[in-house]
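Worksheet for the structure shown next.
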Amino acid sequence: MADQYDVIVLGSGPGGYVAAIRCAQLGLKTAIVERELLGGICLNWGCIPTKALLRSAEVLNHMKHAASYGLAADNIRADLDAVVKRSRGVAKQLNQGVTHLMKKNKITMHMGTGVLKSPTSIEVTGDKGTETISAKHVIVATGARARDLPFAKADGNRVWTYRHAMTPKELPSKLLVIGSGAIGIEFASFYNDMGADVTVVEMLDRVVPVEDADVSAFLEKALTKQGMKIMTGAGVESLAVSANGVKAKIKAKDGKVIDGDYSHVIVAVGIVPNTENIGLEAQGVKMERGFIQIDGYGRTGAKGLWAIGDVTPGPWLAHKASHEGVIAAEAIAAELGNKDVHPHPMDRANIPGCTYCHPQIASVGLTEAKAKEAGYTVKAGTFPFIGNGKAIALGEPEGFVKTVFDAKTGELLGAHMIGAEVTEMIQGFVVGKTLETTEAELMHTVFPHPTISESMHESVLAAYGRALHI
Ligand SMILES: Cc1cc2nc3c(=O)[nH]c(=O)nc-3n(C[C@H](O)[C@H](O)[C@H](O)COP(=O)(O)OP(=O)(O)OC[C@H]3O[C@@H](n4cnc5c(N)ncnc54)[C@H](O)[C@@H]3O)c2cc1C
């Protein structure tokens, strides 16, 4: 039987739907298979609805500090139901946007659960029954789900995953967050701003452990100042869940076991790829800890079978998934004879990471410690927001920008920021890193005044002993 499609994409998250659009743009007959909601975790249960929640918390915070801006606001309170409703509305709007994009690009949607029958055919079971569809190429983009703790299975009542935490029926009075990666810290920040009493427990010796150590230290201080309890080097050993709450045994840094009572617990200890029960084993695909191993273009090694996004090695971020989707689509088009596409393999060194807590965090490239570990002689510079006019005018003087350079060549190795708007600024350094910039070009770059981005310039100058405003 002839293939129905050139490409079928299994999963419609930011990896899958972007791959499908790029395939369609390149003239490939394309289908997408989705068992739940178009847009995947990112649009429906991840990046976007959390940012909507965090925006409400940010506005609430500004309102609480109205007096410091010369404004009066009385009787300020949050309506949790309305906050959640707004977040769900934003997710729904984007889900509908993806449906529109699929139609606009003439991508056929097969709604149902897909299982690979061969590297290039998929059995889809949905409301309308079961059908088998085939293509010259298949891209697996089935994403990931929350990792459970064996002794802390989420019940949606007292023990929550991110899905429950995004649609709370009540505000936790006393919240325990297990894990201080981006997801854990964002929810901790949201609920703290909303008025919950929040404790964060982190196994490693610092919060947001993938970030530069200076950023972790600054964040811990800021969150503590906001009223959060932070326990690092600590582990939750057991949870006893009752109708009224959760009793937790937490082994603290000093080895002492502390008993704590909480109304709710959020488990945010990482993700598990959705790579079971989709027929991968039979296709001879190489897996490690459940993640599909791929080359720089998304090839799995099984002819015609590709993988992108959270099912492949990290970082597990939406923009990484989308970028891999574009690369795989172009590599497939090239294999099918398109001579006008020239895909580049994924460069994992230049993928930015952002955490939208309060204060925000953004980074790209090597931390100072990782750069030293990699054998570089390092020049690092830090510029605090307190020396930046715009940050002070905005009433946001908390934060800094740190840049890390190879002392021998001047190559920008990494940039690390914490403070207001840094998630919008990091892209300046990402472009620089992608263009393999050195300190000289960054110093020659004119930054607009007054902007917080001037701190980026100043941090580069600081690395070379030339900062102007400290
Ligand atoms: C709370 C939270 C906040 C986040 N915030 C950010 C952020 O701010 N920035 C960022 O970059 N990343 C963020 N992420 C991570 C981001 O959501 C993921 O990296 C991204 O969604 C991965 O995209 P993907 O396309 O690989 O998979 P997913 O988005 O997981 O999509 C996979 C899709 O495949 C479908 N599927 C799975 N199995 C099958 C099957 N057998 N048949 C049919 N369909 C199937 C699923 O239903 C799903 O729709 C966040 C994640 C969470 C949980």
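The values are calculated or read from the model by the stated rules, or taken from the named source; none is laboratory data. These numbers come from a predicted model, not from an experiment. Glycine gets a Cβ as well: all are built from the backbone with ideal geometry, and neighbour counts include every protein chain shown. Surface areas here come from the heavy atoms of the whole protein model, side chains and all, with no ligands, DNA or RNA. Shrake-Rupley method; radii C 1.70, N 1.55, O 1.52, S 1.80 Å.
So if I check each of Val210, Val215, Val198, which one is assigned to a helix (DSSP H, G or I) and not polar (S, T, N, Q)?
Details: Val210 fails: assigned to a helix (DSSP H, G or I); Val198 fails: assigned to a helix (DSSP H, G or I).
Just a single option satisfies the conditions, and that option is Val215.
Listed here are the residues, each with its yes/no results for (1) modelled with pLDDT under 95; (2) in the same structural domain as Gly15 (by TED's automatic domain parsing); (3) polar (S, T, N, Q).
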{"residue": "His137", "(1), (2), (3)": "no, yes, no"}
{"residue": "Val140", "(1), (2), (3)": "no, yes, no"}
{"residue": "Thr167", "(1), (2), (3)": "no, no, yes"}
{"residue": "Leu171", "(1), (2), (3)": "no, no, no"}
{"residue": "Ser180", "(1), (2), (3)": "no, no, yes"}
{"residue": "Glu186", "(1), (2), (3)": "no, no, no"}
{"residue": "Gly195", "(1), (2), (3)": "no, no, no"}
{"residue": "Val200", "(1), (2), (3)": "no, no, no"}
{"residue": "Leu204", "(1), (2), (3)": "no, no, no"}
Answer from Glu458, Glu396, Glu411 - the residue that is free of Cβ contacts under 8 Å to residues at least 40 places away in the same chain, in contact with a Phe, Trp or Tyr (Cβ under 8 Å, 6 or more places away or on another chain), of a type in the set (Asp, Glu) and not assigned by TED's automatic domain parsing to the domain that holds Ala217: Glu411
In the range 229-261, the residues that are open to solvent by 30 Å² or more (accessible area, probe 1.4 Å), among the polar types (S, T, N, Q) and either within 19 Å of Ile185 (Cα to Cα) or more than 30 Å from the chain's Cα centre (by Cα) (or both): Ser242, Asn244
Close pairs (6 angstrom Cβ cut-off, 6 or more residues apart or separate chains): not assigned by TED's automatic domain parsing to the domain that holds His319 and among the β-branched types (Val, Ile, Thr) in the range 335-358, in a loop (DSSP other than H, G, I, E, B) and open to solvent by less than 80 Å² (accessible area, probe 1.4 Å) anywhere: Ile351/Pro315
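Quick grid of which residues meet (1) in contact with an Asp or Glu (Cβ under 9 Å, 6 or more places away or on another chain); (2) among the β-branched types (Val, Ile, Thr); (3) open to solvent by 50 Å² or more (accessible area, probe 1.4 Å); (4) not in a loop (DSSP other than H, G, I, E, B):
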{"position": "Ile21", "(1), (2), (3), (4)": "no, yes, no, yes"}
{"position": "Ile41", "(1), (2), (3), (4)": "yes, yes, yes, yes"}
{"position": "Leu60", "(1), (2), (3), (4)": "yes, no, no, yes"}
{"position": "Ala72", "(1), (2), (3), (4)": "no, no, yes, no"}
Qualifying residue in the range 136-145 (condition: buried (at least 20 other Cβ atoms within 10 Å of the Cβ) and more than 16 Å from the ligand (Cβ to nearest atom)): yes
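Which of the residues that make up the range 95-117 are outside any helix (DSSP H, G or I), on the phi < 0 side of the Ramachandran plot, touching a helix residue (DSSP H, G or I) at 6+ places or on another chain (Cβ under 7 Å) and open to solvent by 30 Å² or more (accessible area, probe 1.4 Å)?
Within the range 95-117, Asn105, Met109 meet the criteria.
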Every residue from the range 191-218 that is within 16 Å of the ligand (Cβ to nearest atom) and closer than 28 Å to Gly414 by Cβ: Val200, Val208, Val210, Glu211
